[in-house]
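Structure, as structure tokens:
Values quoted throughout were computed directly from the atomic coordinates according to the rules given, and no laboratory measurement underlies them. Not measured: the values here are computed from a predicted model. When we count neighbours, we look across all protein chains shown, and the Cβ atoms used for this are built from the backbone with ideal geometry, even at glycine.
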Amino acid sequence: MKRILLVEDDPNLGLLLQDYLQLKGKFDVVLSTDGDEGLRAFNKQQFDLCILDVMMPKKDGFTLGKEIRKINQNVPIIFATAKAMMEDKASAYDLGGDDYITKPFRIEELLMRINALLKRVSIKEPEPVGPQQTLFEIGDYTFDVTTQMIQFKGQNQKLSTKEAELLQLLCKNKNSVLTREEALLSIWHDDNYFNGRSMDVFLSKLRKYLREDPKVEILNVHGKGYKLLVN
């Protein structure tokens, strides 16, 4: 049985979701009513997935998600909010979220999203055996995948998880085309419109971080994807 952390400040909605998921999805659902309580619960137990309401007292869902990501980089996170703005969706993915659902939503849709995320985790290919490259030279920049840090002439730039994953893919395909579909499926697991817009935001940030070296450029390859060009 999969254990889910549900953090929702509306007690009626929280109990409704908890009962439904435990009955229909056959999950063990731990319900917390604010961000602080949710973080304490996460530190006490192992969870297979987290559902975080964004608008909460004491600690909002985005802050909680960021703190969870410091503890566990891999647990799937679904953000739930009444807002449907692109900025909020970009923030959700920027903080390491795996999915985003807008209130009001059908409980059946939430269950489908949960099952889809857990399925992706279960069928994820094992990491290749042997040492993996964690340091990349990008012109005069050094990119450390482990610390998610770019260094340039003694100056460090910390990347978000999604920015680091995207830059790592670009580095692995340096001077070759990284298709848009491959990037979206590898990082967001879905190549829908909203994920594509979110990725465009992260690409703009990466271009800004790498702009000090004229030998480095992230190109749009029309109809195909992107290329990290290093002369």
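Structure notes:
- Share, in percent, of DSSP beta bridges within the chain that are antiparallel, nearest 5: 55 percent
- Extension gain for the segment LYS58 to THR147, taken as residue separation times 0.36 nm less the Cα-Cα distance, is 29.1 nm to one decimal.
- Crossing angle, helix 61-71 versus the chain [Cα axis fit, 0-90 degrees, rounded to tens]: 70 degrees
- Residue exposure proxy: ARG113, ARG3, ordered by other Cβ atoms within 10 angstrom of their Cβ from fewest to most, comes out as ARG3, ARG113.
- From the coordinates of this entry, Cα extents along the principal axes in Å is computed, and it appears in (1) 50, 48, 36; (2) 58, 39, 37; (3) 56, 45, 39 under the label (2).
- With the convex hull of the Cα atoms taken as the outline of the range 135-230, the averaged projected area works out to 5.6 nm².
- Under the criterion of Cα pairs below 8 Å and six or more residues apart, the relative contact order for the chain equals 13 percent.
- Panel values: the range 3-123, Kirkwood radius from alpha carbon pairs, Stokes-Einstein at 25 °C and 0.890 mPa s, translational diffusion coefficient 175 µm²/s.
- R0 of 45 Å, Cβ-Cβ distance LYS119-GLU212: FRET efficiency to nearest 0.05: 0.60
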